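Handing you this structure, nothing more for now.
The values are calculated or read from the model by the stated rules, or taken from the named source; none is laboratory data. Given the structure is predicted, the values throughout are model-derived calculations rather than measurements. To get the accessible areas, we keep the full protein, side chains included, count just its heavy atoms, and leave off ligands, DNA and RNA. Shrake-Rupley method; radii C 1.70, N 1.55, O 1.52, S 1.80 Å.
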Amino acid sequence: MASLSAQIPLCLALMMAACLMIGINGSIDGAQREFDYFALSLQWPGTICHKTRHCCSSNACCRGSNSPTEFTIHGLWPDYNDGTWPSCCYRSQFDVKEISTLLDALEKYWPSLYCGKSSTCFSGKGLFWAHEWEKHGTCSSPVIRDEYSYFITTLNVYFKYNVTVPSRSYRCCLVLVRVVAYFVLQI
């Protein structure tokens, strides 16, 4: 029988192998487990733009009088009820041509507020939208199955649950620095 000191590295190696087999989606066979809800994450440009030190063409904070003045979309994220979330579920490299008809709306309601290139799951560095699609959009099936549907659905949810407009049922307006609205898409 092997000594205890020899068994510890073996146990650690087996645990690491099991973790690699289970993968990032919590499934031994690599299949994504079904998520419980979507989180629509919004960001307040005023806070982020106030901290901007360097300008570049991709940073909406640097548009002068055309800078965003309302909450903008950060992303639509599938989540689990246990506080975890899937990410980078399958290899699908972002293709901006797939969303070319949405670019004007995305620039206005889902702009990048940073100069640096966002990291993506499989493509290295890229657009902020590439990061959101590869990290979160690829995990949105079976509800959302492709890149175009992910972005148009996110825009539609943003407009439907618009927290930037005071509700008619309330006589006050809340000032929020960061909002995450939780909902379940009904198909």
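Taking a probe of 1.4 angstrom, what is the accessible area of D36 in Å², to the nearest 10?
Around 70 Å² of this residue is reachable by solvent.
Provide the solvent-accessible area of S140, counting protein heavy atoms only and rolling a 1.4 Å probe, rounded to the nearest 10 Å².
0
Return the whole-Å distance between the Cα centroid of segment 94-137 and the Cα centroid of segment 51-78.
Going from one Cα centre to the other spans 13 Å.
Starting from the amide H of H74, placed 1.01 Å from N in the peptide plane, find each other amide H under 5 Å away whose residue is 5 or more places distant or on another chain.
S41, L42, Q43
Next question. Show me, for segment 100-113, the HN-Hα J-couplings you get by feeding each phi into the Karplus relation (A = 6.51, B = -1.76, C = 1.60, θ = phi - 60°), rounded to Hz, glycine and proline as x.
4, 6, 9, 4, 4, 5, 5, 4, 7, 9, 9, x, 7, 10
Can you sort W77, W85, W133 by solvent-accessible area, 1.4 Å probe, largest first?
Putting W77, W85, W133 in descending order of accessible area: W85, W77, W133.
Here's something else I'd like to know. Determine the order of E34, E147 by accessible area, beginning with the largest, at a probe radius of 1.4 Å.
Largest accessible area first, the residues go E34, E147.
Report ³J(HN,Hα) in whole Hz for each residue of segment 66-82, in order, from the Karplus equation J = 6.51 cos²θ - 1.76 cosθ + 1.60 where θ = phi - 60°; Gly and Pro get x.
Once θ is set to phi - 60°, the couplings for segment 66-82 become 9, 5, x, 10, 10, 4, 10, 6, 9, x, 10, 10, x, 9, 9, 5, 8 Hz.
Report the gain in length on full extension from A105 to R145: 0.36 nm times residue separation, minus Cα-Cα distance, nm rounded to one decimal.
Length difference between fully extended and current span is 12.3 nm.
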